[in-house]
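Have a look at the structure below, then the notes.
The values are calculated or read from the model by the stated rules, or taken from the named source; none is laboratory data. Since this is a predicted model, take the numbers as computed values, not measurements. Cβ coordinates were reconstructed from backbone atoms using ideal geometry, including for glycine residues, and neighbour counts include every protein chain displayed. Surface areas here come from the heavy atoms of the whole protein model, side chains and all, with no ligands, DNA or RNA. Shrake-Rupley method; radii C 1.70, N 1.55, O 1.52, S 1.80 Å.
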Amino acid sequence: MPELPEVEVTRLSLADRIAGARIGAVRQGKPLRWPLGCMPQQLVGRTILGVRRRGKYLLLDLDQGLLLVHLGMSGSLSFAAEAPPAGTHDHFDLVTDRGVLRLNDPRRFGAVVHASGEHAHEARKLLGGLGVEPLGEHFDPAGFHAALRLRRAPIKQVLLAGDVVVGVGNIYASEALFLAGIRPTLAAARISAPRARKLHAAIRDVLARAVSKGGSTLRDFSDAQGQSGYFQLEAMVYGRAGDPCRVCGTTVRGIRQGQRATFYCPSCQKS
């Protein structure tokens, strides 16, 4: 599933090229997770002012309204001067005077939703419950620790929930917890202020490095220019169950938490 780094990498790969583009046509394929929310022809003639990110959503600001794009479990965006005929898994094309923005999504859990503005009901429904941005200035250690003290669930589950800090998905939660030396099963409320500061720093470090590496390509992720990510090649624990820890040599363990795979080193992450 594309996580925050993959979505940010996608944004960076198309934002400068699509800013100022005028929409000339819209093509829809099979239905996606949620309906578009307007008639496609209502988007024709609109200008794309820029592309932002909120959590795992891309926000395409238009001269009237905006489009919220989610990549779902297996989606990816491409942006090219010319696009080949739509394939089986190509479900949305935004044809502009600068190129074609195309959403490819084999599992169709992704979505493109139109809203009149960021405070409109459609946008608030998707964005309203999201936590603070982990790479933004409002993500501070003290506030993070205060939020954790209110949660009795395991810290890995709290990170994945996205209402304390947004976008720390499965891969990066495992990696950040390893870097901070915290076992993923530890109750969030039991994390002390010093350890919360360490986890705060680890989250920012892991996500920033992932963005710099182009994200992680576990199956078929690529950015809007078709480039794969490489962060998975330097993962310390994620996907490495049964392998020796890169730090201490102890065998990395894999468990299930909330139907998601979790990886940790029992020696480096004692508690």
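Annotations
- The lone criterion from (1) without any contact (Cβ under 8 Å) to a residue 40 or more places away in the chain; (2) under 17 Å from residue 113 (Cβ atoms) left unmet by residue 50 is number (2).
- Checking every residue in segment 192-209 against the condition of being surrounded by fewer than 19 Cβ atoms within 10 Å (Cβ to Cβ), over 16 Å from residue 271 (Cβ atoms), of a type in the set (Lys, Arg) and free of Cβ contacts under 8 Å to residues at least 40 places away in the same chain gives at least one match.
- The condition of being in contact with a Leu (Cβ under 8 Å, 6 or more places away or on another chain), at pLDDT 70 or above and either closer than 20 Å to residue 71 by Cβ or among the charged types (D, E, K, R) (or both) holds for only one of 260, 256, that being 260.
- Filtered residues of segment 145-170 (kept if closer than 16 Å to residue 54 by Cα and open to solvent by 30 Å² or more (accessible area, probe 1.4 Å)): 160, 161, 163
- Scanning segment 88-144 for residues that are among the basic types (Lys, Arg) and either in a helix (DSSP H, G or I) or surrounded by fewer than 20 Cβ atoms within 10 Å (Cβ to Cβ) (or both) gives 98, 107, 108, 124, 125.
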